[in-house]
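Take a look at the structure below.
Please treat every number below as a calculation from the coordinates, not as lab data. Here the structure is a predicted model, which is why all the values come from computation and not from measurement. Virtual Cβ from ideal backbone geometry, glycine too; neighbours counted across all protein chains shown.
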Amino acid sequence: MQGWIGKPVRTFYAGDSAQPFSLGGNMAKEDRPEGVNRREFLTTASAGVAAAALAKPAAAQDASARMAAATPPSAAMEAMENDPPEGYSAAEASEYFVKHPGSDFMVDVIKDLDFEYITTNPGSSFRGIHESIVNYGGNASPELLTCPHEEQAIAMAHGYTKAAGGKPLAVLCHGTVGLQHASMAMYNAWCDRAPMVVLGGNHYDATERRTGVEWSHSAQDAARVVRDYTKWDDTPMSLQHFSESMARAYKIAMTPPMGPTVVIIDGHLQEAEMHGTPPTIPGVAPTRPPQGDITALEEAARWLTEAESPVIVVDLMAHDQDGVDALIELAEALQAPVVNQSGRMNFPNNHYLSQGAGVVAQADVILGLELYDTWGTLNTLRDRVHRDHQRIARPDARVIDIGVKDLFTKSNYQSFQRYNRADLSIAGDAQATLPTLTEQVRRQMSSARQASNASREARWRSAHDQAKAASRDAARYAWDASPISTARLYAELWQLIKDRDWALVSDDSQQSRWARRLWTIDRHYQHIGRSGGAGLGYGAPSAVGAALAHRAEGRLPINVQRDGDLMYVPGVLWTAAHHEIPLLTVTHNNRGYHQEFMHLQRMAARRQRGIDGSSHVGNELNNPAPDFAKIASGMGVWSEGPITEPGDLRAALSRALDVVDQGEPAFVDCVCQPR
Amino acid sequence: MKTTKTLLSIFTALLLAQAGSAVAQDTADEGRELYMANQCWQCHGFEGQGGAAVRIAPTVYPFEAFAQFVRHSNLMPAYSPNVLSDEQLRQIFEYVRTMPEPPALEDIPELSDL
Ligand SMILES: Cc1ncc(C[n+]2csc(CCOP(=O)(O)OP(=O)(O)O)c2C)c(N)n1
Ligand SMILES: [Mg+2]
């Protein structure tokens, strides 16, 4: 990985950075005058900013204008800055006007952290910073993205960071009600280890609150509502406190295990005039992720090289392509199969060592890398009246578990899964740890073991080819069916995108994993992984957030969108249209909450009541069937559908792609088989 | 004479076979209705192609295995005779058994290309 300074930063994971770095934002460090702290610089320069603000319409005040304005003020500008406006006494002017609101400084801090966008739903608890972002900051780096729901704002940030190699977004939420709406999406981000910094408005001083709504939207402890699933939060009492807490929030969010952090910004602090010593911006030197203990890794390497059938299972590991490449090295050194549980895109699915979950049963040593659920990897629990479990792994299989899960410190929500006693448990970020482990494996591998690699390779190549052939064969069934088979949906899509730089910004788990079974996925950014907490309403907005990240790279993002998920925050389609985010959305529309149909059916069978005639209750999204194409076009998105005949699909998708190629979102409603 | 007899028996056999296939067809039709009403398609797909659960059509295994799977499976919810009678189960079996084969791989370029 190259250094960070002085180039557009695309990789944000600090694990393999060769040099210390600092974030510059659009106001890069070198743009700053030598020896002048940023705040002092801006206080002297802000008269120029104010003059520019008066002379130019707000829309024209882009970041470059703001930077150009940061030159020593002329005498006339200084007068305008210091004298009360014409017709006002100094005392009266101080009642009406603020020259240097605290939120301007907050914007400096945010810019310094290099947030490109802030997703938001507007609210008066942050009207101060809202205005600063727009007028003082020129609405560029960060640019505000309008979201009709806070759940959407968070999920967009969640999707963005995974598609942008770990670069985080900031989110601005209205006090109390905004954070309440944001909370489920933050839970997903927490479970999925997705970093973001969430800013929440609030009014602390009760005597300063406007009557009515400002009281309803204020809280004693505003971040409490989301504290169970955020890594850290703070409520700064001064601008200096804000500046330092933002740096800390950024660092903590970005240090594995990554996750959301929260900074509450007091309304008064935003709106009041800055006084006294100018606050400073400390900057950030991102924390290098923790790596596994070297002695433990030596032992792990010994187990792996001595094992007859080592198997690697990987889930939430790769932060970027470097993680994928590091895993290829380890897997090839051992000629060990890799089971990708796909919390991230960890391993190319066209690599011959990419194997199905079945290989876990043969393993004598299992290496788990950032497993969300180690117990569930080794065992299965039957969904019967008595929930008994069986071990899938061999009774004598030894388990090495490398990851950051033991570094989580919250307990209320039980996303940590059933306890599993590993034989060798190593705390550390797996991606950061892999190179050392691979080096140890190479060092410890005997020549006899090395010699066995050729036959191992042949074996896995053949198994890989067989699995691929089986997937193609399975995709034939229901090929011509209406509703359209999910296999056909993915096969048709593939024909149109395979020669392009595409990225799947949705999870194909509910479509029988057809992307992973039929497509070639060999780049980290091509598959976005799961939602984390399986909280619905994640799919559509995370796809738009990811598409935003891909827009900067000129990639073609594809979202296969479940109907039930879309019904939570369909307003995100409007955001995509409004902010011109190119994205092809194709529905996997099975006209219902299919997962729940199956649960109801299981209950009815268990109670011997049968399901004939009753399964739709509470589960169907039909009668009337939502007209998703109309909904999309009502949001300003080009759309077609419902498409029910497989023969009509390709042409519709191709028309939609023409629209996406023009830089806009497009939507095809495709009525599909249940899975 | 022998020829007449032979012709007659062929004719009878054909008639019987036709009647038999008509019965089988009725059974399959009823099986289709049951397959839909009992929501077998939720997990196995409208064409029995599989999805949340395994592919079950066109079925190649015998009825006994099918019944065992429905009544005493490890994975799927058990459907007791109180919910689906043996007769109904047989009708569903007939339906999935007689579903047509999908096109061959060579005839689907989208897949054979992969
Ligand atoms: C916020 C939330 N509410 C309810 C659920 C329970 N739930 C799990 S899957 C599911 C059905 C989802 O429907 P859809 O997105 O259309 O996917 P399908 O199962 O139909 O493929 C529901 C309601 C959930 N996971 N999250
Ligand atoms: Mg659905």
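Things worth noting here:
- Percentage relative contact order, chain A, counting C-alpha pairs under 8 Å, at least six apart: 13 percent
- 5 angstrom amide H check on B:MET99, placed H, neighbours 5+ away: B:THR59
- ³J(HN,Hα), Karplus 6.51/-1.76/1.60, whole Hz, each residue of segment A:621-627, x for Gly, Pro: 10, 8, 6, x, 6, x, 8
- Ratio of Rg to Rh for chain A: 1.00 [Cα atoms; Kirkwood radius as inverse mean 1/r over pairs].
- Listed residue (A:HIS579, A:GLY539, A:ILE392) projecting farthest to the positive dipole end of chain A, Cβ model: A:ILE392
- Summarising the label geometry, the points placed 7 Å from Cα in the beta-carbon direction at A:VAL177 and A:ARG288 lie 4.9 nm from one another.
- When A:ASP661, A:ASP192 are sorted by how many other C-beta atoms sit within 10 angstrom of their C-beta, beginning with the fewest, the order is A:ASP661, A:ASP192.
- Amide H to amide H distances under 5 Å link A:CYS173 with A:LEU199, A:GLY200, A:GLY201, where only residues 5 or more positions off or on other chains count and H is placed in the peptide plane.
- Dipole axis of the protein assembly as shown (+1 Lys, Arg; -1 Asp, Glu on Cβ), positive-most option in A:ALA451, A:ALA331, A:THR486: A:ALA451
- Set of aspartates and glutamates near A:LYS251 by C-alpha distance (under 15 Å), chain-local residues within fewer than 8 positions excluded: A:ASP112, A:ASP114, A:ASP233, A:ASP234
- C-alpha center-to-center spacing [segment A:182-229, segment A:232-257] in angstrom: 15 Å
- With a simple spin-label model that places each label point 7 Å from the Cα along the Cα-to-Cβ direction, the separation between A:ASN623 and A:GLN362 comes to 5.0 nm.
- Qualifying GluC sites (Glu not before Pro) in segment A:578-667, where qualification requires a DSSP coil assignment and no more than 16 other C-beta atoms within 10 Å, comprise A:GLU580.
- Charge dipole (the protein assembly as shown, unit charges on Cβ, about Cα centre) - positive-most of A:GLY200, A:PHE416, B:GLY31: B:GLY31
- Only Lys, Arg (+1) and Asp, Glu (-1) charged, at Cβ; segment A:198-352 dipole about Cα centre in debye: 360 debye
- Antiparallel DSSP beta bridges within the protein assembly as shown, as percent of all bridges there, nearest 5: 10 percent
- Amide H contacts for A:CYS670 (H built 1.01 Å from N in the peptide plane; partners 5 or more residues away or on another chain; cut-off under 5 Å): A:THR587, A:ASN589, A:ILE643.
- Phi-based couplings in Hz for segment A:500-508 (Karplus 6.51, -1.76, 1.60; Gly and Pro marked x): 10, 8, 9, 8, 7, 9, 9, 9, 8
- Taking the Cα centre of segment A:476-670 as reference, the dipole from Cβ charges on Lys and Arg (+1) and Asp and Glu (-1) amounts to some 800 debye.
- Spatial offset of segment A:412-427 relative to segment A:605-675 amounts to 39 Å, using the alpha carbon center of each.
- Viscosity 1.306 mPa s, temperature 10 °C, Stokes-Einstein D of segment A:143-250 from Kirkwood C-alpha radius, µm²/s: 110 µm²/s
- Remark: chain A carries a charge dipole of roughly 2560 debye about the Cα centre, counting +1 on each Lys and Arg Cβ and -1 on each Asp and Glu Cβ.
- Geometric extent, Cα atoms of segment A:600-675 - Rg, Dmax (angstrom): 17.4, 55
- Within chain A, helices built from complete DSSP H runs that reach 15 Å or longer along their own axis (Cα positions) and carry a mean Kyte-Doolittle hydropathy of -0.5 or higher are A:38-55, A:102-112, A:150-163, A:177-191, A:239-254, A:294-306, A:321-334, A:486-497, A:539-551, A:646-661.
- Each of A:TYR88, A:TYR250 has some number of other Cβ atoms within 10 Å of its Cβ, and from fewest to most they run A:TYR88, A:TYR250.
- Cα gyration tensor shape of segment A:369-470, rounded if a/c is under 1.5, else prolate or oblate by comparing a/b with b/c: oblate
- Sorted ascending by nearby beta carbons within 10 Å, beginning with the fewest, A:SER447, A:SER485, A:SER509, B:SER85 become A:SER447, B:SER85, A:SER509, A:SER485.
- Phi angles of segment A:217-230 translate, via the Karplus equation with coefficients 6.51, -1.76, 1.60 and θ = phi - 60°, into HN-Hα couplings of 9, 10, 9, 5, 9, 4, 7, 4, 4, 10, 5, 5, 9, 10 Hz per residue; Gly and Pro are given as x.
- Among the listed pairs A:LYS231/A:LYS630; A:LYS405/A:LYS498; A:LYS162/A:LYS410; A:LYS498/A:LYS630, those beyond 31 Å (Cα-Cα): A:LYS231/A:LYS630; A:LYS405/A:LYS498
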